[in-house]
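**Student:** Quick one: the structure is below, questions incoming.
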C-alpha cells in the first residue's frame, strides 16, 4: 500500500489551503478566556529577558526565505505566552504556568536552527541548556519570583511538569501550542473553529505511566487533531525544511567564524537585525569577506531560493548545497478516554505509521547563487 504522505510534496502542502487572515488575540482567547486570564503573567512577559523573544520566530528562520509562504510571523514570545495560558487553563498552578512561560528563555535567533548548527537534529534540545542559568542570573526575574513565593528551582525546568511537557508521541501544552500556530502560519491548515473544537474537547487524563496527560474525550476530534498535527509534522520532515534549516545554520557558523556576527549577537539581536547585518556584508563585503567566498553565496541562495531538487545522490558541491539528514519526527498519538488513539482508530493508526515510515529522497539540493 502506498504511503499516505507520498502524495503530499512541498508545493502540494503549501498551496492546498487558501490564504487566511488570522487574529492571534482570538486564538489566545480560545486558549484561556479573558475572564480566567492570569494577570500575574504580565509582569514576567514585560521583562527584557522575555521581550527579547519577540524578535525570535517560532518557525526557525523560515520567515526569511521565499522557499516558504509563511502567512505571518509568530514569535517565541507568542509561543511562550500560549504555553503558559494552556498550562494555566488546565492546572491553575502558578509555578507550572510560569515554568511554561520561561521554557524558551534561552532560545537564540532562528530557534532550532541552532540545534542544526550543533549537530542536534534528532532531539533538538541543545538550545535549552542555558535555561536555568539565564533564569537564575536575571535579578528582575528573581525579584518577581520571590514576590510570588516561588524559587528558580520551581520554574527553571518545565520538563518536571507533565502537562507542560512530555515525550513524543504524548500531548503536552508545549506540543499542543506550537502546532496550532505552525499550521496557521506554514500552510493555513487550521481554522479557528477547528482549534476551538479540538481544544475544548481536551481534559486531563492518566496515561500508561500513571502521569497526567492532556487527552481527548471523543475519537473523531482526536482523529482531526492527529491528522492536522502529522500533516504539519510532515512539512518539517521534508527535504525542503531540512535544507532550509541546515543552510541557515551553516550561514550562522560562517558568519561567526568570519567575525560578521558573534555568539552573543545570536542571543541579543533580533532575527531582523541579524538579517540586516548579513545584508550589509553581501552588499559591501568587509573583513576579508568577498564575493568569491562561501558566506555570500550561501546567504544569497537562502534569501532567493524558491525550490530544491530531490535526488538519490549528492550534486556537485561547487555548484550545489546538499543535505542528507535525519531529523526529529514531530507526531502525536494522543490519549482518548484512556487509550492511545491508534488503538481505537484504524484511520489514526495508518496516519501515524505512514508518518513514521515516510522517507524523502536521500538528498535535497539547491543550486548556489
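Every read-out reported here was derived from the displayed coordinates using simple, explicitly stated rules and does not represent laboratory data. These figures come from a predicted structure and were not determined experimentally. All Cβ positions, even for glycine, are placed from backbone atoms using ideal geometry, and neighbour counts span all protein chains on display.
**Student:** Taking the Cα centre of each part, how many Å lie between the range 199-235 and the range 297-369?
**Tutor:** 23 Å
**Student:** How many nm separate the modelled label positions at residue 346 and residue 312, each set 7 Å beyond the Cα in the direction of the Cβ?
**Tutor:** 3.6 nm
**Student:** Report, in whole Å, the centroid distance computed from the Cα atoms of the range 146-186 and the range 8-45.
**Tutor:** 16 Å
**Student:** Still on this structure, I have one more. Placing one identical point scatterer on every Cα of the range 182-329 and ignoring solvent, what is log10 I(q)/I(0) from the Debye formula at q = 0.16, 0.20 Å⁻¹?
**Tutor:** The Debye formula, applied to the Cα set alone, gives -0.97, -1.21.
**Student:** How do the peptides 266-276, 68-78 rank, highest first, by the average count of neighbouring beta carbon atoms within 10 Å per residue?
**Tutor:** Ranking the peptides 266-276, 68-78 by packing returns 68-78, 266-276.
**Student:** What distance in nm separates the simple spin-label points at residue 283 and residue 357, each placed 7 Å from Cα in the Cβ direction?
**Tutor:** 5.2 nm
**Student:** With just the Cα atoms of the range 71-111, tell me how far they stretch along each of the three principal axes, in Å, largest first.
**Tutor:** Extents along the principal axes, in whole Å: 31, 24, 8.
**Student:** I would also like to ask the following. Quick check: convex hull of the Cα atoms in the range 1-123, volume per residue, rounded to a whole Å³? Write down the numbers at each step before the final one.
**Tutor:** Working: hull volume 20.5 nm³, N = 123.
Spelled out: Cα convex hull of the range 1-123, divided by residues, is 167 Å³.
**Student:** Taking the alpha carbon gyration tensor of the range 178-243, what are the square roots of 5 times its eigenvalues, largest first, to the nearest whole Å?
**Tutor:** Working from the Cα gyration tensor, I get semi-axes of 24, 16, 9 Å.
**Student:** Place a point 7 Å from Cα of residue 324 in the direction of its Cβ. Which residues in the range 353-367 have their backbone N less than 15 Å from it?
**Tutor:** Residues 360-366 fall inside that zone.
**Student:** May I ask you to derive the relative contact order of the chain, considering only C-alpha pairs under 8 Å and at least 6 residues apart, and to give it as an integer percent?
**Tutor:** About 21 percent, as a whole number.
**Student:** Still on this structure, please answer the following. With every atom except the alpha carbons ignored, what do you get for Rg and Dmax of the range 212-263, in angstroms?
**Tutor:** In Å, with Rg to one decimal and Dmax whole: 18.8, 55.
**Student:** Based only on other Cβ atoms within 10 Å, what is the fewest-to-most ordering of 103, 159, 218, 228?
**Tutor:** Final ranking by Cβ density, sparse to dense: 218, 159, 228, 103.
**Student:** Put one equal scatterer on each alpha carbon of the chain, apply the Debye formula with no solvent term, and list log10 I(q)/I(0) at q = 0.09, 0.13 1/Å to two decimals.
**Tutor:** For the chain, the Cα-only Debye profile gives -0.52, -1.09.
**Student:** Determine, for 127, 357, 293, the number of other Cβ atoms within 10 Å of each Cβ, and report the residues in order from fewest to most.
**Tutor:** The fewest-first ordering by Cβ neighbours comes to 357, 293, 127.
**Student:** Once fully extended, how much extra length lies between residue 256 and residue 151, figured as 0.36 nm per residue of separation less the alpha-carbon to alpha-carbon distance?
**Tutor:** 34.2 nm
**Student:** Of all alpha-carbon pairs in the range 132-250, indicate the percentage at a distance above 25 angstrom.
**Tutor:** Looking at the range 132-250, the distances longer than 25 Å represent 43 percent of pairs.
**Student:** Hey, another quick one. When a footprinting reagent is the concern and you count Cβ atoms within 10 Å, what order do 313, 140 take, fewest first?
**Tutor:** The most exposed by this proxy come first: 313, 140.
**Student:** Starting from the Cα of residue 133, step 7 Å along the direction of its Cβ; do the same at residue 92; then give the gap between the two resulting points in nm.
**Tutor:** Between residue 133 and residue 92, the simple spin-label model gives 3.9 nm.
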